[in-house]
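Worksheet: one structure, shown below.
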Amino acid sequence: MTQMNRRSFLATGIAALGTAAAWRAANVRAAAPLPEIAGGPTVPIAALRRLIVERIDPVSGRCRYLADTGGQIIADPIFIARRGDRVDTVIDNRLPQPTSIHFHGLTLPEKQDGAGFDPIAPRSTKALSFEVRNRGGLYWFHAHPQGFTAEQVHAGLAGLLVVSDDEDRALDQALALAPGNRLALAMGDVRVANEVLRPYAPSPDDCVHGWFGNRARVNGALDYSADVAPGWVRLQILNGSNARGMLLAFRDASTLLPFHLLGTDGGLLAAPAALDRVFLYPAERIDVAIDVSGHSAVSAVSIAFDPRHQVRGGTLARLHPERDQFPPLSGSAVCAPFNTGAPGDVVAEGAEFPLFNLRVSGAARAAAPMPQRLSALDAPPPPAEATRRLRLDFDERIGYLIDQTRYRPDEVAFSIARGTREVWEVRNSPLSMPHPMHLHGFGFRVLRRQGTFGPARALATAANGMLPTDLGVKDTVVLWPNETLWLAVDFTLPEDGDFSGRQRYMFHCHNLEHEDGMMMRNFAVS
Ligand code: C2O
Ligand code: CU
Ligand code: CU
């Protein structure tokens, strides 16, 4: 810790976001334009008056969010915000199950975090009120009720929040984006038979490995495609799958196209990185620019990779007891032994998987030069000695464990004094599978990877065995089996009444079957 440079730490933590006076200054600048995002209906989050959660089809279990702005009701909105905007709304749970809405990646007080231990009962409401304090970037919101998260997210209860700030606006200008050339995309995979969505009905084996589908669903649609113009296309992409890791690439016919990585979970990198493929595990986001000039069609695909499922045997990670008190969304049981998929239902993780298409048309134009500097983000700090160690394990009889412990909603695994800067050493066991681990409330920096398997190691172009995405602010990182990661976390909270007193947050796996299988812990910052 001691050799760690304070500025680097501050650059990631909420402290970097400034004081209460700075938040207000950001609000005064609220005249700044909202980002122009294509890909779905956008709603300024500051205009939201009610966020309705409803089931629209009891056969497939399909659900949706409705954004009520007081004058209009918009289904499956993409929220847009400026840093400093306020959200004052009501969540209206019309499901037959408990739900919650977690704004993944935002720094929020416990009461606004929508964590699994804070569900909204069926047919009841909860006030939601917070300020968007984080850097510009792609964040997202999703259902998070303990035991029902996987089912509800798969049913469609997940959406995007694009936050803009000065650096974000400067980038759009530098790229001279044509209208329609900036998209926000939530990708996932679903099981489809005869063009109909199959209900969420994981077998015990699916509950161990994750629920994988056979088709991509992007912004709610199968076979998603978007029309873009020649020049730079800026894509902010979420892997919103329950379980599928992706190795994302862009192709014209069989040629892989180069692209630039601009940002990660918590906003823009300091400088763009030129790549031709990037790993994207569930809950991770990337911001990329691709020059589509001279192409008429570009397809996004997860290219083949070794998925590293090294878990052997194992039965069923038991779910939260709460599940038994409420019906499933579709009439299909979850993790039940009689759930056996038909052959062809699933494309295995790591097999090539088509995601979406870009159709390019319009007058030929050359892309503007890519800026060399994107943001004031510091380089990741050098590796430092761990101040906290966490171990990820699999027990055939119990399921996935963090420090040999299953989740208990009332447990606080550890407490951290606010303002503390820690280095977490997180280690995944060899007989395991990849776990995309997520920390609520705090963006962090990756310091080092060790034990990475060969093909991923080959893509680790940054110092200390790190992948290009490790250079940004992260809130979710994948650990492959046998891998150890060192993460720098600044547990500074805003000095503002909403954050006073003890605040509980979660650290958990974002493979949603593992999450519902209790691979989670609570911790507190006080
Ligand atoms: Cu995106 Cu605790 O989750
Ligand atoms: Cu989160
Ligand atoms: Cu996991």
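The values are calculated or read from the model by the stated rules, or taken from the named source; none is laboratory data. Since the structure is predicted, the reported quantities are computational estimates derived from the model, not experimental observations. Positions of Cβ are generated from backbone atoms using ideal geometry, with glycine treated the same way; all protein chains shown enter the neighbour counts. These area figures cover heavy atoms from the full protein model, side chains too; ligands, DNA and RNA do not enter into them. Shrake-Rupley method; radii C 1.70, N 1.55, O 1.52, S 1.80 Å.
Scan region 447-460 and tell me whether some residue there is closer than 26 Å to ALA143 by Cα, at pLDDT 95 or above and in contact with an Asp or Glu (Cβ under 7 Å, 6 or more places away or on another chain).
Residues of region 447-460 that are closer than 26 Å to ALA143 by Cα, as a first pass: none.
No; the residues of region 447-460 include none that is closer than 26 Å to ALA143 by Cα, at pLDDT 95 or above and in contact with an Asp or Glu (Cβ under 7 Å, 6 or more places away or on another chain).
Tell me, which helices (runs of 4 or more DSSP H) lie completely within region 114-218 with 3 or more residues that are more than 21 Å from VAL334 (Cα to Cα)? It would help to see each step written out before you state the result.
Values: elements: 149-154, 166-175, 204-209.
Filter on region 114-218 gives 166-175.
Which count do you get for residues in region 431-478 that are hydrophobic (A, V, I, L, M, F, W, C) and away from ligand 1 (no atom under 16 Å from the Cβ)? Before you say what the answer is, go through the steps one by one.
Here is the first cut: in region 431-478, the residues hydrophobic (A, V, I, L, M, F, W, C) are 431, 433, 437, 439, 442, 444, 446-447, 453, 456, 458-460, 462-463, 466-467, 471, 473, 477-478.
Adding the requirement that they be away from ligand 1 (no atom under 16 Å from the Cβ) leaves 431, 433, 446-447, 453, 456, 458-460, 462-463, 466-467, 471.
So the answer is 14.
Yes/no matrix, rows are residues, columns are (1) β-branched (Val, Ile, Thr); (2) assigned to a strand (DSSP E or B):
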residue	(1), (2)
ALA283	no, no
ASP287	no, yes
PHE305	no, no
ARG323	no, no
VAL334	yes, no
GLY341	no, no
GLY350	no, no
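All but one of (1) within 15 Å of ligand 2 (Cβ to nearest atom); (2) over 24 Å from GLU349 (Cα atoms); (3) part of a strand (DSSP E or B) hold for PHE442, so report the exception by its number.
Result: PHE442 fails condition (3) only.
This table checks each residue for (1) touching a Leu at 6+ places or on another chain (Cβ under 9 Å); (2) more than 27 Å from ALA413 (Cβ to Cβ); (3) more than 16 Å from ligand 3 (Cβ to nearest atom).
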| site | (1), (2), (3) |
| --- | --- |
| MET433 | no, no, no |
| LEU439 | yes, no, no |
| LEU447 | yes, no, yes |
| GLY454 | no, yes, yes |
| LEU459 | yes, yes, yes |
| PRO468 | yes, yes, yes |
| LYS474 | yes, no, yes |
| PRO481 | yes, no, no |
| ALA488 | yes, no, yes |
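Can you pull out the residues in region 118-145 that are away from ligand 2 (no atom under 14 Å from the Cβ), open to solvent by 10 Å² or more (accessible area, probe 1.4 Å) and of a type in the set (D, E, K, R)?
Matches in region 118-145: ARG123, LYS126, GLU131, ARG135.
If I filter region 469-526 down to residues being small (Gly, Ala, Ser) and outside any loop (DSSP other than H, G, I, E, B), which single residue comes out as farthest from ligand 2 (Cβ to nearest atom)? So that I can check it myself, show each step before the final result.
From region 469-526, those small (Gly, Ala, Ser) are 472, 488, 497, 500-501, 517, 524, 526; that's our starting set.
From what is left, the residues that are outside any loop (DSSP other than H, G, I, E, B) are 488, 497, 524.
Working: ALA488: 18, GLY497: 23, ALA524: 16 Å.
By that ranking, first place goes to GLY497.
Regarding GLY419, is this residue open to solvent by 10 Å² or more (accessible area, probe 1.4 Å), touching a residue at least 40 places away in the same chain (Cβ under 8 Å), part of a loop (DSSP other than H, G, I, E, B) and more than 15 Å from ligand 3 (Cβ to nearest atom)? Quick ask: steps written out before the conclusion?
On the way: open to solvent by 10 Å² or more (accessible area, probe 1.4 Å): yes; touching a residue at least 40 places away in the same chain (Cβ under 8 Å): yes; part of a loop (DSSP other than H, G, I, E, B): yes; more than 15 Å from ligand 3 (Cβ to nearest atom): yes.
When the stated conditions are applied, GLY419 passes them.
Are any residues in region 396-407 away from ligand 1 (no atom under 16 Å from the Cβ) and open to solvent by less than 30 Å² (accessible area, probe 1.4 Å), and if so, which ones?
GLY399, LEU401
Spot the failing condition for GLU385; the list is (1) touching a residue at least 24 places away in the same chain (Cβ under 8 Å); (2) surrounded by 14 or more Cβ atoms within 10 Å (Cβ to Cβ), and only one is missed.
The number of the failed condition is (2).
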